[in-house]
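All remarks here apply to the structure that follows.
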Amino acid sequence: MKLLLDQNISFRVVKLIQHKYEVVRQVRELGLENAKDRAIWNYAKEHQFSIVTFDADFYELSNYYGHPPKIIWLRSGNIKTPEISELLINKFNIIKEFIEFQNDVACIELD
C-alpha cells in the first residue's frame, strides 16, 4: 500500500506510520507542496498512491474522475499529528481492505 499525504497533513506523520505502511510520502517531499489538487491527483494516479486528506476536494475529484487514485478522507476534525498517526495505524486493516479489495469504491471516510 502506498499512501500520499496531502499538504494539510504534517510531513511528521510519515515517520510515525512508515513501519505499518509499505510506502508513505507527503506532498512536500515530492515537490508538490502548494500544488493544485489536480496535480497531486495526477501524481498519485501515475505512481499508484492512495491520497490521505482532510480536503473534500479530492472526494469531489473522485466523483468526477473515478479512481484510481483512491481517497482516504479523514473526517475527524482538526486533530494533531500524533492523533492522525494513531488513526491511520488503528485503521490499517480497514484501509488495506479498502485499497486492495474494494475495487468499486473510490473513497473511504475515517473518523
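Values quoted throughout were computed directly from the atomic coordinates according to the rules given, and no laboratory measurement underlies them. Source: prediction; values computed, not measured. Neighbour counts run over all protein chains shown; Cβ positions are idealised from the backbone, glycine included.
Among V13, V52, V27, the order by Cβ neighbours within 10 angstrom, fewest to most, reads V13, V27, V52. Across the chain, Cα-Cα pairs farther apart than 25 Å form 10% of the total.
Segment I89..K36, full-extension length gain: 16.3 nm, with 0.36 nm per residue of separation and the alpha-carbon distance subtracted. Among the lysines of the chain, pairs that are 8 or more positions apart or on different chains and have alpha carbons within less than 12 Å of each other number 8. Were the residues from K80 through L110 laid out at 0.36 nm apart, the gain over their Cα-Cα distance would be 9.3 nm.
Exposure proxy ranking for H67, H19, H47, based on other Cβ atoms within 10 angstrom of each Cβ and starting from the fewest, stands as H19, H47, H67.
Model label sites at K2 and H19, defined 7 Å from Cα along the beta-carbon direction, differ in position by 2.5 nm.
Exposure proxy ranking for L110, L74, based on other Cβ atoms within 10 angstrom of each Cβ and starting from the fewest, stands as L110, L74.
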